């Protein structure tokens, strides 16, 4: 029986958490705004896609990098909600044959 992959959710990275974090403002001030530009461009060119079979992260300014995690490998997920900046962070951890653990954090508008 063959099942087709269907897109469940697709969104780009958000800058909402950037504005309320004082560490980001410190680095922006020290680098005369260059840090803000770099973070903005990186997040502008980062997209997340969730399908019924995998989680896909596409990123890159000049080249395109695609990271995929098959959902059967995901062991745990946590969703944290911040009322202060109206964002959510999603963290997932997995371990594959080599017992590497991966954690991803992403802020997005609810």
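Just a few scattered comments:
- Scanning region 51-68 for residues that are assigned to a loop (DSSP other than H, G, I, E, B), farther than 21 Å from residue 15 by Cα and touching a strand residue (DSSP E or B) at 6+ places or on another chain (Cβ under 8 Å) returns 52, 53.
- Verdict on residue 44 being modelled with pLDDT of 90 or more, loosely packed, with under 15 Cβ neighbours inside 10 Å and touching a strand residue (DSSP E or B) at 6+ places or on another chain (Cβ under 9 Å): yes
- Scanning region 1-50 for residues that are in a loop (DSSP other than H, G, I, E, B) and either within 18 Å of residue 69 (Cβ to Cβ) or in contact (Cβ under 8 Å) with a residue 40 or more places away in the chain (or both) gives 3, 5, 6, 13, 14, 46.
The values are calculated or read from the model by the stated rules, or taken from the named source; none is laboratory data. All figures in this text were calculated on a predicted structure; none of them were measured in a lab. Glycine also receives a Cβ, built like all others from the backbone with ideal geometry; neighbour counts cover every protein chain displayed.
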